[in-house]
Amino acid sequence: MRKPFIAGNWKMNTTLSEARELTQDLVEHMASVELCDLAVCVPFVYLFAVGEIVKGTKIVLGAQNLHWEEKGAFTGEVSAAMLKDFGTDLVIIGHSERRHIMGESDEMIGKKLRRALDAGLRPILCLGELLEEREAGTTEEVLRRQLEEDFKNIKGEDMASVTIAYEPVWAIGTGRTATPGQAAEAHEFIRHLLAGMYNSAIAQDTRIQYGGSVKPENAYDLFKEEEIDGFLVGGASLSAEDFSKIVEEALRARDL
Ligand code: PEP
């Protein structure tokens, strides 16, 4: 069985003192959680402070981006080695806000994925369709393109370190969640693609999170779908109480 994996994505939120307080609260709320992997993906500037608090707890430290080059003249960018220096274990790559607001291409995302893995970081690779793509019936075409291009230089042996997050762009931060059926269908299609790109064992073992307005109120129904192995949670991860309720509901859905 794929172990559930729920990660928070704080995006560009919190002050330093809020980041510390939220992390302390999360550590307290999560102390008794055993059967689920947990992570927080925080702004670069808070990695050190949050890392100090989560050290030795169940909560894994993640970043939200990295640059694909090892080092050099890339003003304002952060390398994989710098993230490792701060004790970062995970990194989100290809979030829709980076694809669609910051203009990241599949080629850039593929290079970031390769760099993260080479540096020993575990990536959460996000993909998903825009509303107009879903309405035009091209969701599968978009997922296929993203997956094939982003994973072009990723080998089967790398996949044990990779999590995929299916995040329909129309559901992110909008309060509009994919139905459990829509999410499961997309996850199943991603798994079918992985089987073709690698093999069926890798497709079965790769964890696929759902992301897009996950809240305590919808976590149970979503997690009833076996295809959903976890969540990437944005807005609701800014409240330790909501985040821990999401974890509770997800585990309840699986009788864990
Ligand atoms: C996200 O940040 O990846 C996300 C899914 O955000 P939200 O939960 O706020 O929709």
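All of the numbers you see were taken from the coordinates with simple rules; none came from a lab. Because the structure is predicted, anything quoted here is derived from the model rather than measured. Here the Cβ is made from the backbone with ideal geometry for all residues, glycine too, and neighbour counts use every protein chain on show.
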### Summary
Most packed first (mean Cβ within 10 Å per residue), the peptides 10-20, 222-232 order as 222-232, 10-20
### Helical contribution to [θ] at 222 nm, DSSP H n ≥ 4, -39,500 (n - 2.57), averaged over the chain, rounded to 500
-12500 deg cm²/dmol
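In what order do 185, 135 fall by count of nearby beta-carbon atoms within 10 Å, going from fewest to most?
135, 185
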### When each of 11/152; 71/111; 55/224; 11/112 is checked by Cα-Cα distance, pairs over 22 Å
11/152; 55/224
### Task
Quick one: check the C-alpha center-to-center distance for the range 133-177 versus the range 31-79, whole angstrom.
22 Å
### Summary
Under a Gaussian network model of the chain whose springs join Cα atoms within less than 10 Å, the largest fluctuation of 64, 182, 209 belongs to 182
### Task
Compute from the Cα atoms of the chain the Rg and the Dmax, the latter being the longest Cα-Cα distance, and quote both in angstrom.
16.9, 51
